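Enquirer: What follows is a structure written as structure tokens; I'll ask about it next.
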Amino acid sequence: MKVRIDVDACVGAGQCVLAAPDVFDQRDDDGMVVLLVEDPPAHLEAATEHAALLCPAMAIVVDR
Amino acid sequence: MSETKVGTRSELGSFPTERDPRCPFDPPTEYVELRAQEGTASLACPVGVDARVVSRYDDVRAMLTNPHLSSHAAPSTHVVAGGVLDRPVAPGSLLNMDGPGHARLRRLLTPEFTVKRIQAMRPYIRGLVDDHLDALLARTGPVDLVADFALPIPSLVICELLGVDYADRDRFQEQTAVLVGTNSDPAALEQANLEVVGFMTQLVLTKLETPTDDLLGRLIVRARETGQELSVEELVTLGITLLIAGHETTANMIGLSTLALLRQPDQLAALRADPELAGTAVDEMLRYLSIVHFGVLRQATGDLTIGDEEIKAGEWLVAVLSAGNRDESVFPDADRIDLKREATAHLAFGYGIHQCLGQQLARVELQEVFARLHQRIPTLRLAVPFEDIEFKDNALVYGVRALPVTWDGEDA
Ligand code: HEM
Ligand code: SF4
């Protein structure tokens, strides 16, 4: 699985951090998304996909 | 490609605003019909225009992420009789701004609301909840859970966060009730607005002089340091938005969800037995109750399609969050409360670029309340017949006006 984020689209709602804290974080200075791992291991795939589904700004793209 | 359908006229002539009094937790029954029919119905709204009513979950998400819709009359002016739809957007009015102006302002605020920042407030919030429960238990019931618990907790939290003196609460709490009414008297509205603006202007002027270590103070500094200095007017509008959105919504959620759970003893027993359930329970109750109950209003700035329906520039659209949250195709058995349901994809905080900025704060406040209230007061029950509870049918945010409750002496 490959994950891409679009920081320009992000609105800092933090849904991704709640859903997959091992994959996403938020920058301290502006609250925008940070990708911690580009290719999450198998056990984080479901959470990562859920994060992409929750993101209100469609700022997370998951390629399988 | 499927054929494009143009505006289905519904049997329903006007936007449904009334609930079945027998089920005050359910949205108006007409929403079931709206979800079932093809396309979107064009319905007459109390404000005096027709709007496309978007009620299915997928359509609501599609609508709220469409860049050709403006929020200038958001959140719910469509249900305000005598409401003004073409008022110029006040500088600093995050809810009503579009495009880059909105993004710029939102980014200045977002660091205050990250998951990390809000989690750091959890011990403080837990302490507040416990202090209020101690105070309740030191008394004998009945008490009004709204006045003595649901309203003070989120008010204290937002005051602490913003840097507002809680002792000044009489300068904004009552005014808020007027400002969120859908049929408030225009003179009273004007007066309430003037009072809140006066109060916030004073506060902003003090903080501009000496920025304090609170949200407003830090915002002033952050804006200056990044060369995006905010005007007094912008700061006042933002401050008022946060103050109102920060206490009124969460307070109503606490009151209404407590009542709904008292009516579902099996679910309540599960929560009492396992306070960890508060995590999923909060999102499920947000979904089930959808307190921004009239949905959110947008206007098309260009031609677009929602689902397979054409919308013309200038048309009004309402995303009915409460209808989408009861969409069976996404939430099976949607009319039932299931505190174990994974409901985080609900629409109660909206969707798209305006999705609630304060949602992580609201979640933590509600989680602490859900986990502590029923643990500490296991015999909590209504002190009046259910039929006597008054619901806020005429407010932009749904809830109960008062919630008289009592408990057994041994809980203390
Ligand atoms: C249960 C609690 C809450 C609910 C149900 C709720 C609901 C909502 C909804 C539906 C919107 C979107 C409006 C639209 O799309 O037009 C919104 C936006 C907003 N909320 Fe909340 N809210 C809650 C708590 C809070 C809290 C605690 C705060 C602040 C501390 C807050 C601050 C805001 C702000 C600033 C916006 C505007 C965001 C923007 O336009 O970018 N809310 N809220
Ligand atoms: S969920 Fe989307 S909008 Fe929210 S912080 Fe993550 S990437 Fe940004």
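Enquirer: Quick one: how many residues across the stretch B:352-376 are under 11 Å from B:Ala281 (Cβ atoms) and more than 9 Å from ligand 1 (Cβ to nearest atom)?
Expert: 5
Enquirer: Might you check whether a residue that is away from chain A (no Cβ under 14 Å), among the polar types (S, T, N, Q) and under 30 Å from B:Asp308 (Cβ atoms) occurs anywhere in the stretch B:53-61? Walk me through it before giving the result.
Expert: So in the stretch B:53-61, the residues away from chain A (no Cβ under 14 Å) come out as B:53-56, B:59.
When the remaining residues are screened for being among the polar types (S, T, N, Q), the result is B:55.
Pick out the ones that are also under 30 Å from B:Asp308 (Cβ atoms) and you get B:55.
Scanning the stretch B:53-61 turns up at least one residue that is away from chain A (no Cβ under 14 Å), among the polar types (S, T, N, Q) and under 30 Å from B:Asp308 (Cβ atoms).
Enquirer: Among A:Ala13, A:Ala46, A:Ala20, which is the only one that is without any contact (Cβ under 8 Å) to a residue 12 or more places away in the chain and of a type in the set (A, V, I, L, M)?
Expert: Numbers: A:Ala13 fails: without any contact (Cβ under 8 Å) to a residue 12 or more places away in the chain; A:Ala20 fails: without any contact (Cβ under 8 Å) to a residue 12 or more places away in the chain.
Exactly one of A:Ala13, A:Ala46, A:Ala20 is without any contact (Cβ under 8 Å) to a residue 12 or more places away in the chain and of a type in the set (A, V, I, L, M), namely A:Ala46.
Enquirer: Tell me, which residue of the stretch B:331-348 that is within 11 Å of chain A (Cβ to nearest Cβ) and more than 13 Å from B:Met285 (Cβ to Cβ) is nearest to ligand 2 (Cβ to nearest atom)?
Expert: B:Ala345
So that you can scan it fast, the table gives a plain yes or no per residue for (1) open to solvent by 30 Å² or more (accessible area, probe 1.4 Å); (2) within 16 Å of ligand 1 (Cβ to nearest atom):
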residue	(1), (2)
A:Val11	no, yes
A:Pro21	yes, no
A:Gly31	no, yes
A:Leu35	yes, no
A:Leu44	no, no
A:Leu53	yes, no
A:Val61	yes, no
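Enquirer: Output the residues belonging to the stretch B:279-307 that are touching a strand residue (DSSP E or B) at 6+ places or on another chain (Cβ under 6 Å) and open to solvent by 10 Å² or more (accessible area, probe 1.4 Å).
Expert: Scanning the stretch B:279-307 gives B:Val296, B:Arg298, B:Gln299, B:Thr301, B:Leu304.
The values are calculated or read from the model by the stated rules, or taken from the named source; none is laboratory data. This structure is a prediction, so every number in the text was calculated from the model and none was measured. Methodologically, a virtual Cβ is constructed for each residue, glycine included, from the backbone with ideal geometry; neighbour enumeration extends over all protein chains shown. Please note that ligands, DNA and RNA were not included when accessible areas were found on the heavy atoms of the full protein model with its side chains. Shrake-Rupley method; radii C 1.70, N 1.55, O 1.52, S 1.80 Å.
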